[in-house]
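Worksheet: the structure to be examined is printed underneath.
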Amino acid sequence: EEGEECDCGELEECLNPCCNATTCTLKGDAVCAHGHCCQDCQLKPAGTPCRESSNSCDLPEFCTGTTPHCPSNVYLHDGHACHSVDGYCYNGICQTHEQQCITLWGKGAKPAPGICFERVNSAGDPYGNCGKDSKGSFAKCEARDAKCGKIQCQGGANRPVIGTNAVSIETNIPLQEGGRILCRGTHVYLGDDMPDPGLVLTGTKCGDGMMCLNRQCQNVSVFNVHECAAKCSGQGVCNNNKNCHCEAHWAPPFCDKVGFGGSVDSGPIRVADSRNLTVGVLVALLTLLGAALIICVKRKTLMGLLFTSKKNPIEKLRSESAAVSGPSAPKPPSTVSTVSPSRPAPPLPHSTTIFKVITAEHKSTGTHPTITCKYRGRVYNIQLKLKEDQ
């Protein structure tokens, strides 16, 4: 009912630990109370199996991690080859002559040779036919459709095992090379409006790439199963909703990207590995930390080059003068300089980042070397004098 989150009956009979019987609401931290994908009041992880496949044409279902209910049943697309069985899928079931003979005659039964189907079902009577025509008369089977008429078996029990109203119809067919072959059919006394269980079931394989449909042996291409499967990138099969059911390591809807398998209908078929997820997160974090560390180190080095120099412009000129003088010049203990500009010099800048020596030339004037510098279009002559330390 509206407003109810769960229902476990009357208060005295409620045994569900997740449900409040008085208010029909979930208790405390409970997320769910019922369903195949609900355990201990919490949703089961996505990829947890909740419905196994029941036959070679059925597909399994898995919890989605978002609802306590198992997804609706899905199965292989009609016309798809059965898994591990020589047949084709129809309405989620793999129909074969072998299985139908076992159902009718019990263990040890098997289909009779093709000649039995052709001879018996060409009669067009209650014991050999391809169903009824539009006038209600028994229809003869064409040779190509013979395996879609009355089922013909060999072996098994002495009489049909499907009920007391079923009788055996045995036919001996002479062979050209001599001898006879025994064909065993089944006739069940039912009303005219009841389907005949002795007829080959719809969807049964009647040849390579062929299936019984409407008492005719038709090509499975009528279901367009190959066109549907083509969109699954070779890593999946097509289900009855015409959606791809992907293999374990591929993602729907087209199985062309890495993922956890399954389909949009049946849920993922593989549980996400939390260990791999943790490792991935750690690797990503370490990569980011490493990149940040490299950036910080490079930035610190750059800032040091730009802002940690303690030399003033005069000290820079001294060091450049020593380089220009060459290795033969003796290294003086200390240097005193006087500046004789060709015109009044502007005040020296306070920051070494503003003053920049553009060119420098060494001239020998008397006993004192002179450096000629250009700065912002002006020329400065700087004479260096050496003085011995006391």
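The values are calculated or read from the model by the stated rules, or taken from the named source; none is laboratory data. Computed from a predicted structure; not experimentally measured. Cβ placement follows ideal geometry from the backbone for every residue including glycine, while neighbour counts extend to all protein chains displayed.
Scan region 189-199 and give yes if some residue there is at pLDDT below 95 and in a strand (DSSP E or B), otherwise no.
There is no residue in region 189-199 that is at pLDDT below 95 and in a strand (DSSP E or B).
Go through the residues of region 107-125 one by one and say whether even a single one is among the polar types (S, T, N, Q) and either assigned by TED's automatic domain parsing to the domain that holds A166 or at pLDDT below 95 (or both).
yes
From the list P60, P68, which residue is free of Cβ contacts under 8 Å to residues at least 40 places away in the same chain and either under 30 Å from C212 (Cα atoms) or buried (at least 17 other Cβ atoms within 10 Å of the Cβ) (or both)?
P68
Residue by residue through region 150-159, note down the ones that are part of a loop (DSSP other than H, G, I, E, B), within 47 Å of the chain's Cα centre (by Cα) and over 11 Å from R119 (Cα atoms).
I151, G156, listed by residue number.
Within region 73-83, is even one residue farther than 20 Å from R270 by Cα, touching a residue at least 40 places away in the same chain (Cβ under 8 Å), acidic (D, E) and surrounded by 17 or more Cβ atoms within 10 Å (Cβ to Cβ)?
There is at least one residue in region 73-83 that is farther than 20 Å from R270 by Cα, touching a residue at least 40 places away in the same chain (Cβ under 8 Å), acidic (D, E) and surrounded by 17 or more Cβ atoms within 10 Å (Cβ to Cβ).
Scan region 130-141 for residues that are without any contact (Cβ under 8 Å) to a residue 40 or more places away in the chain and within 50 Å of the chain's Cα centre (by Cα) and report the count.
3
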